[in-house]
Amino acid sequence: MADTDSLTPDQLDKVMQFQEVSGCTDVCVCVAALATANWEVELAVHQHLTQASSGGDSRVDEGGSSTTTTTTSTATTTTISSSDQQSVVRRRVSENVVSSESSSSSSQVTGGVTSSSTPRVVSGGTTGPPSAALPPQHPRPLHTSPPGALRRISAWAVYLGFTLPSKLFIHWPVRLCYWTVQSLFAVAYSLLYSTSAAADPMRDLDQFLQTYSSNYPGLAHPTFYRGSYSQALNLAKQKLQFLLVYLHCGHHLNTDTFCRRVLSDAEVRNYISSNNILFWACDVTLPEGYRVSQALRENDYPYLALMVLRNNRMSVVARMEGTTLLEPRYVVDTLTRHYNSSMPYITAARLSRLEREQAVALRQEQDTAYQMSLRVDREKARRKVEADEQVRQKEALERQQELEEQQRRMKMKEMIPQEPDANTPGALQLVVKLPGGERIARSFHVDHPLSGLYCLLYTHPDAPDRFEVTTNFPRRVLPCNPPLCLRQNNKKQQQDSSGNNNSEQQQQSSATSSEQQQEEEEKVEEGEVEPTFGSFGIAPRTVLFVKDLDA
């Protein structure tokens with residue numbers, strides 16, 4: 001194993017390549033062959049296979065193990081520092097060395113001394129007898145170090161049999177319960193005993209103002225903003241103002257001097273008021289002041305911070321603290337310098353806000369105009385739908401009336417009495433003169449009802465829709481009306497159509513016709529019958545005139 005310690009990683013790789021190709025398990029023989037070939041693997045393998053085929057220096061002992069005697073040349077080796085990769089490779093090579101040595105020593109060890117006739121390569125690069133090269137190597141017992149596969153199997157068995165169950169059923173449940181209980185106690189404690197740092201900011205500010213007034217009675221000071229720190233930030237952001245924050249510490253040595261010399265100075269007060277700077281102050285011993293001090297992270301007192309809107313958030317642009325604040329001139333100069341340098345941010349914010357307001361106003365105007373146009377369009381659409389519906393209903397009503405009129409004319413044609421012969425007793429020869437000059441000659445019987453004449457005239461194409469029939473002299477109006485059965489049917493139809501008709505004129509006309517039909521029905525119920533030609537006293541030869549009531 002000592003032979004491999006002086007080899008470089010490259011040489012160890014070549015030794016392993018030589019073993020894989022040549023099949024030689026003796027590391028010393030491999031190293032000697034590679035050294036002879038100047039560490040050329042192909043040349044060394046070729047020389048080794050040539051020597052093995054010729055059998056020049058090979059011999060087989062009685063135990064069945066082969067040994068090869070080879071004259072090695074001087075090889076210069078360099079020793080490098082050990083690393084993890086080299087140790088792994090050397091361990092693998094050492095195992096091969098131990099296995100080869102243990103197999104060869106089983107037939108050559110006598111009295112505990114190794115009697116190998118193979119030359120060994122020493123660290124100096126020279127060959128010599130075994131006693132001069134290295135101390136005798138004793139084979140390692142096989143039971144002291146189990147193989148790698150067995151070690152891995154045993155490690156997995158221990159992990160699966162003991163470590164993993166202990167974590168699953170003992171360690172993790174206990175840890176989970178511990179953190180759960182701890183979290184519950186923390187929540188309960190926070191609910192019962194926790195207090196907000198600024199539970200009532202207004203109370204803290206009132207207390208600070210009272211304390212300040214009592215400590216400095218009659219002393220002028222800038223106008224304090226009576227509101228919380230958050231309200232002051234929001235107001236300054238909304239109105240695009242500068243915000244000057246003063247953190248008061250009553251126990252500090254410079255506080256009294258600052259309040260009497262700086263805050264009461266007329267120049268400081270006039271500068272703050274003339275530039276419309278919002279001034280907010282609070283004591284750091286109060287919860288509201290302490291919260292603000294933690295946010296601003298002051299280092300000394302008295303402390304002033306000038307804040308302005310930058311990138312849509314309130315940012316501190318100037319910090320003044322310590323003894324430098326004890327001079328009013330310094331405070332005014334510092335405020336003036338940072339005020340002027342920060343004005344572009346205010347101007348940019350105002351322009352941006354103005355653009356947003358104009359965009360919002362324009363959007364609102366557009367939305368209003370759009371809503372108005374949409375409302376007008378909807379009204380037009382509604383009116384169009386109503387007009388279309390009215391037209392549709394009117395057309396449907398006209399079609400229904402035409403159909404009813406056609407049915408009525410067909411029924412009236414069927415109800416016209418048959419024309420009797422001229423020689424029949426009671427036959428009447430009538431001549432009816434229409435408004436257009438047409439003449440209708442027709443024979444009726446004295447027992448025929450006058451409704452037959454109405455049916456004849458109503459179904460004539462040249463007769464008017466509404467008419468009355470009169471005699472010539474003396475002038476009399478014939479009670480010429482439709483048959484009673486048709487009048488009853490018309491009454492029912494008008495009642496059905498009046499429920500769907502919304503026109504007042506149609507409702508009035510239907511009501512009038514209903515009253516007339518009701519009177520006629522009452523007359524029929526009382527025993528009255530339709531008048532006949534004979535009951536009216538029509539002469540056998542008579543001329544009748546038709547008058548158009550719509551003319």
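The values are calculated or read from the model by the stated rules, or taken from the named source; none is laboratory data. Predicted, not measured: the structure shown is a model, and the values here were computed from it. Here Cβ is always computed from backbone atoms with ideal geometry, including for glycine, and neighbour counts include all displayed protein chains. What goes into the accessible areas is simple: the full protein's heavy atoms, side chains included, and nothing from ligands, DNA or RNA. Shrake-Rupley method; radii C 1.70, N 1.55, O 1.52, S 1.80 Å.
Some notes on this structure:
- Which numbered condition Arg439 fails, given (1) within 19 Å of Phe533 (Cβ to Cβ); (2) surrounded by 11 or more Cβ atoms within 10 Å (Cβ to Cβ); (3) charged (D, E, K, R); (4) in the same structural domain as Thr532 (by the TED database): (2)
- Options Tyr339, Tyr370; residue that is within 29 Å of the chain's Cα centre (by Cα), assigned to a helix (DSSP H, G or I) and aromatic (Phe, Trp, Tyr): Tyr370
- Sub-6 Å Cβ pairs linking a first residue in region 228-254 that is assigned by the TED database to the domain that holds Ala305 to a second residue that is basic (Lys, Arg) and open to solvent by 20 Å² or more (accessible area, probe 1.4 Å), at least 6 apart or interchain, are Leu240/Arg350, ordered by first then second residue.
- Neighbours by Cβ (under 6 Å, 6+ apart or cross-chain): first from region 199-222, within 23 Å of Ile272 (Cα to Cα); second assigned to a helix (DSSP H, G or I) and not small (Gly, Ala, Ser): Tyr216/Cys259; His221/Leu263; Pro222/Arg269; Pro222/Ile272
- Tabulated pairs, region 405-431, first closer than 9 Å to Ser443 by Cβ, second open to solvent by 90 Å² or more (accessible area, probe 1.4 Å) and assigned to a loop (DSSP other than H, G, I, E, B), C-beta under 8 angstrom, 6+ apart or interchain: Ala427/Asp421
- Residue match in region 302-313 (condition: in contact with a Lys or Arg (Cβ under 7 Å, 6 or more places away or on another chain) and assigned to a strand (DSSP E or B)): yes
- The set of residues from region 406-420 being under 17 Å from Pro483 (Cβ atoms) and surrounded by 12 or more Cβ atoms within 10 Å (Cβ to Cβ) comprises Arg408, Arg409, Lys411, Met412, Lys413, Met415, Ile416, Pro417.
Per-residue answers, yes or no, for (1) closer than 30 Å to Gln241 by Cβ; (2) touching a Phe, Trp or Tyr at 6+ places or on another chain (Cβ under 8 Å); (3) not hydroxyl-bearing (Ser, Thr, Tyr):
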{"site": "Ala348", "(1), (2), (3)": "yes, no, yes"}
{"site": "Gln364", "(1), (2), (3)": "yes, no, yes"}
{"site": "Ala369", "(1), (2), (3)": "no, no, yes"}
{"site": "Glu402", "(1), (2), (3)": "no, no, yes"}
{"site": "Glu414", "(1), (2), (3)": "no, no, yes"}
{"site": "Ala427", "(1), (2), (3)": "no, yes, yes"}
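- Pick from region 294-342, criterion among the charged types (D, E, K, R) and under 24 Å from Asn234 (Cβ atoms), ranking: least open to solvent (accessible area, probe 1.4 Å): Glu298
- Checking every residue in region 438-450 against the condition of being under 28 Å from Asp550 (Cα atoms) and in a helix (DSSP H, G or I) gives at least one match.
- The lone criterion from (1) among the hydrophobic types (A, V, I, L, M, F, W, C); (2) in a loop (DSSP other than H, G, I, E, B); (3) surrounded by 15 or more Cβ atoms within 10 Å (Cβ to Cβ) left unmet by Ala232 is number (2).
- For Arg408: the one exception among (1) under 19 Å from Asp548 (Cα atoms); (2) in contact with a Pro (Cβ under 9 Å, 6 or more places away or on another chain); (3) not aromatic (Phe, Trp, Tyr): (1)
- Residue check for Thr471: at pLDDT 85 or above, within 20 Å of Arg541 (Cα to Cα) and hydroxyl-bearing (Ser, Thr, Tyr): yes
- Any hit, region 282-289, residues being within 19 Å of Leu325 (Cα to Cα), at pLDDT 90 or above and out of contact with any Phe, Trp or Tyr (no Cβ under 6 Å at 6 or more places or on another chain): no
- A single member of Leu351, Leu374, Leu403 is surrounded by fewer than 12 Cβ atoms within 10 Å (Cβ to Cβ), out of contact with any helix residue (DSSP H, G or I) (no Cβ under 7 Å at 6 or more places or on another chain) and closer than 30 Å to Asn270 by Cα, and it is Leu351.
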